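Presented below is the structure to which this report refers.
The values are calculated or read from the model by the stated rules, or taken from the named source; none is laboratory data. Small disclaimer: the values here were computed from a predicted structure and weren't measured. Every residue, glycine as well, gets a Cβ built from its backbone with ideal geometry; the counts of neighbours run over all protein chains shown.
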Amino acid sequence: MNKAEYKDMWVYIEHDGTEIRKVSLELLCEARKLCDAAGEKLAAVLVGELPESEVQKILECGAEKLIRVSGAGLERFSVDAYTELFTQLCRKYKPSAVLVGGTIDGRDFAPRFACRLPTGCTSDATQLVYDPKTGDIEFIEPAVGGKMMAVITVPFVRPQVGTIRPGTFKYVPGGARGCETIEERFDFPIEKIRTRALSFRADEYDESLNIADAEVIVCVGNGLKGADALPRYRELAVLLGGKLGCTRPVFDRGVLPYKLVIGQSGVVVKPKLYLAFGVSGAVNHVTGITDSDTIVAVNRDPEAAIFGYCTYGIVGDMDEVCDAMIAQLKARA
Amino acid sequence: MLNILVCVKQVPDVNLVKIDPVTGSLIRKGVPAILNPLDANALEAAVRVKERVGGTVTVITMGPDQAEEALRECLAAGADRAVLLSDRAFANADTLATSYVIVTAARLLGEFDLIFCGKESLDGATGQMASQLAERFDASQLSSVLSLPEIDEEDKTVTAERELAGGVETAQALMPCLMTVEKANYRPRIPNLKSWKASRRAEILRYNSATIPGLDPAQIGDPGSPTKVPRTYPPEKGAGGEMIRTGSAAKDVEALLGRIADKL
């Protein structure tokens, strides 16, 4: 394969017909930087109809090409249709990279079209770096539970496919640059779509599980002794007018629900005050809290990595510190 | 009679893995290898479907010889037969090469109606295997399946609840269908002593690169893997903040509350 034949970096625009998913805009902004470094063009791939005001957002991120796809069988997302669509588009236009939001749908179809092409697919990179020596993108991601960082490349094949989690990069549009629109017609036989949604039941809204915009978060990590130790952290969260969250291992232990997991494989948060109790500071978690104003870390291990990221640190027993905090906050009130 | 396949992986318990501070490499020594936790949920779904509608459950893995232990765990928990794909030539495979070996070998065992996978592994955690296995099996795909699927053998369909952002979708797919399981509304069983003992004696089917007919050497192991890992390094340590050390928890907290007073 001659890599030089493959040009342009693509971002898949995921949307619901009215609004673009923010992760797609985040990826456009990040890919814009890669394109500038690589001297390549940024292209957005948009399937289906979308209001012009939303299309404008794509242009504001500096897309130079907009591939607008219409056709039968694409009205709703399906793995079958979108896998074939992206396989065909990649064969026709030969992009150097395709970035897809790491949403449920994105994670379903991106590895699949990569397999069909075939090419390499990476997931969950937290940094993207263009290497001018090789012309490859370095997909840098936490590995082994965040204990190390791994650099992943796709050195011999194109396109380089990557799914990236929402919230990993920032949506900061750098301005329109003039964009060429390419209309693409693609029909997928409806009888070849093998899955269909029968019904959807929205979750009952539970405000305590909505932590993304909380101003204060009390987060418990794997240092938590067990579910019995949990009530004090809930109480502290209430006293501070905040919400309870946790790290991935706490969810793995079955103590708290997945919606409360903070970090790369969960929710990215940006509170004014973030209190981490018994959190080791694995990079998967830390990537989800770096935009917090103030980070307080409490851990029994003075070497815990979390102390490297905190504003204030206390070495000690998490329960004891939490109890002292509750007592003093109550005394102040 | 359904033919059901469960794809599993033996993983190091990453919560116990340490990193050599000098070389930055993994210290695997002394770290227990376990069945990937989400794979236990996938197996349970498969076994319950079998118990309800009849069929056989085959469990397959690619890995070193000791991955046999994970397979025996699956046999104890209700799998009928177990397949180990082990060869040095399979090493350093990414998801593309791994899915190629698994599906090429699985096709020797028959046509599968249902394939179950854990959503992702504890160690690699790319979450890509399922999609690539589905592609190579030419199967339909339902991810994040929460409930035990309903099977309609006449219509060749499977219906299940999936957990999506903000709610639960009921979806239907044509068989063959690959389903991924993350959390589930059922718990994996704990094998009784009898099934545990039987699993110790059970025969494991073994294949290597020479005994899987037609296996293309260019598509396995490192040569068959388009993604490479040129280097790894320990995560950068943050610069660190102010450590509050007064000697007592109560005084530490007092000092802290003074510093964050404007946030309270």
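For the stretch B:206-247, name all the residues that are facing chain A (nearest Cβ under 10 Å), of a type in the set (D, E) and either assigned to a loop (DSSP other than H, G, I, E, B) or in contact (Cβ under 8 Å) with a residue 60 or more places away in the chain (or both).
B:E236
Taking interchain pairs and intrachain pairs at least six residues apart, which have beta carbon atoms under 7 angstrom, with the first residue in the stretch B:50-62 and assigned to a strand (DSSP E or B) and the second among the polar types (S, T, N, Q) and surrounded by fewer than 20 Cβ atoms within 10 Å (Cβ to Cβ)?
Every condition considered, the pairs that remain are B:G55/B:N3; B:T56/B:N3.
Of everything in the stretch B:176-189, what is outside any strand (DSSP E or B) and facing another protein chain (nearest Cβ under 9 Å)? Give them in sequence order.
Hits for the stretch B:176-189 are B:E182, B:K183.
Given the options A:S96, A:S78, A:S70, name the one that is of a type outside the set (A, V, I, L, M) and either more than 23 Å from the chain's Cα centre (by Cα) or modelled with pLDDT under 95 (or both).
It is A:S70.
State whether one or more residues within the stretch A:166-180 are surrounded by 11 or more Cβ atoms within 10 Å (Cβ to Cβ) and within 14 Å of chain B (Cβ to nearest Cβ).
Yes: the stretch A:166-180 contains one or more residues that are surrounded by 11 or more Cβ atoms within 10 Å (Cβ to Cβ) and within 14 Å of chain B (Cβ to nearest Cβ).
Select from the stretch A:135-151 the residues that are within 8 Å of another protein chain (Cβ to nearest Cβ), closer than 15 Å to A:T287 by Cβ and in contact with a Ser or Thr (Cβ under 8 Å, 6 or more places away or on another chain) and list them in ascending order.
A:P142, A:A143, A:M148, A:M149, A:A150
Anything in the stretch A:188-219 that is closer than 28 Å to B:A160 by Cα and away from chain B (no Cβ under 12 Å)? List them, or say none.
Across the stretch A:188-219, the qualifying residues are A:F188, A:P189, A:I190, A:E207, A:S208.
For the stretch B:95-110, how many residues meet the condition of being of a type outside the set (A, V, I, L, M, F, W, C) and over 21 Å from B:P223 (Cα atoms)?
2
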